[in-house]
Amino acid sequence: MSPASTNVFTLSHQSKLADLLAANERWCEHMEEEHPRLLRDYNAHGQSPHTLFIGCSDSRYNEACLGVVPGEIFTWKTIANVITESDATCRATLEFAINVLKVNKVVVCGHTDCGGINTCLSNKRESLLESGTCNSLHAYLQDVDDLYHEHKQEVFAQTSDVKEQSRLLSKLNVQKQRGRLLEISTVKDALARGDIEVYGLLYDVGTGRVEVV
Ligand SMILES: [Zn+2]
C-alpha cells in the first residue's frame with residue numbers, strides 16, 4: 001500500500017499547481033495557529049540559525065526530525081551525504097553557514113535504507129551507466145562505491161541481513177563524510193577557534209529516531 005493511496009501524503013503525482021497553492025495556504029494557516037509569531041515577528045526579519053544540517057537528499061527526512069521550526073537550521077542536502085571540497089556548493093555552504101551565519105553546530109545526518117548506499121551494496125551502480133540516463137549519478141556514486149568495497153568484508157562478516165548491512169554502511173559513510181568535513185579549511189579553522197562542534201548522526205526512516213554515529 002503506497003502512502004499516496006492511503007492519503008497519508010499531502011500531495012501526489014496527480015497534484016497540479018493549484019493543489020500546491022492550496023496546500024501552501026493550509027500550511028500557512030497551520031503555522032499561524034501553531035507558531036503565531038514565528039513568521040511575522042522573527043523569520044520576516046532575517047535568519048540566525050544555530051545549526052548547519054547536512055543530510056541526504058532522500059525525501060523521508062530533513063532537519064525537522066530534530067523538532068525545529070523554520071529559521072533554526074541551515075540545510076544542505078546532498079545525495080548519500082557525499083561531501084567533497086571540490087564541490088563549490090559544499091565550500092560555499094560551509095563558508096556561509098559558519099563564517100556568515102555563525103552556526104555553532106554542524107550535523108552530518110545520514111539515514112537508513114539510503115538509495116545511494118543500497119545501489120552500491122547490491123552492485124547495481126553499473127546499471128546506472130547501462131541505462132544511459134544516469135551517467136552523472138553513476139560517477140557521483142563512485143565515492144560510496146569506494147566505501148562499499150573498502151568495508152564490505154567487515155560488514156558481511158557482521159551480518160548477512162541486507163538491511164543491517166545497509167545500516168552499517170550508512171554509519172560508515174557518515175563517519176567518512178564527517179571525517180572529510182573536518183579536513184576542509186573553513187571547518188578546520190572554526191574548530192580550532194572553538195566556534196563549532198561537528199556531530200555525526202544516523203536517522204532511522206522507520207522510527208524517526210536519530211542515533212549518534
Ligand atoms: Zn540517502
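Structure values in brief
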| read-out | value |
| --- | --- |
| When residues of region 66-91 are limited to those that are more than 16 Å from Leu141 (Cα to Cα), in contact with a helix residue (DSSP H, G or I) (Cβ under 7 Å, 6 or more places away or on another chain) and of a type in the set (A, V, I, L, M, F, W, C), the one surrounded by the fewest Cβ atoms within 10 Å (Cβ to Cβ) | Val69 |
| Verdict on Ile184 being assigned by TED's automatic domain parsing to the domain that holds Thr84, in contact with a Cys (Cβ under 8 Å, 6 or more places away or on another chain), within 25 Å of Ile73 (Cβ to Cβ) and aliphatic (A, V, I, L, M) | yes |
| So Leu66, is it modelled with pLDDT of 95 or more, more than 14 Å from the ligand (Cβ to nearest atom), of a type outside the set (D, E, K, R) and under 30 Å from Gln165 (Cβ atoms) | yes |
| Residue list for region 147-186, filter: of a type in the set (Asp, Glu) and either over 20 Å from the mean Cα position of the chain (by Cα) or not in a helix (DSSP H, G or I) (or both) | Glu150, Glu154, Asp161, Glu183 |
| Residue match in region 105-115 (condition: within 20 Å of the chain's Cα centre (by Cα), assigned by TED's automatic domain parsing to the domain that holds Thr51 and in a helix (DSSP H, G or I)) | yes |
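The values are calculated or read from the model by the stated rules, or taken from the named source; none is laboratory data. Every value quoted in this text rests on a predicted model; they were computed, and no experiment measured them. Positions of Cβ are backbone-derived with ideal geometry, glycine not excepted, and every protein chain shown enters the neighbour counts.
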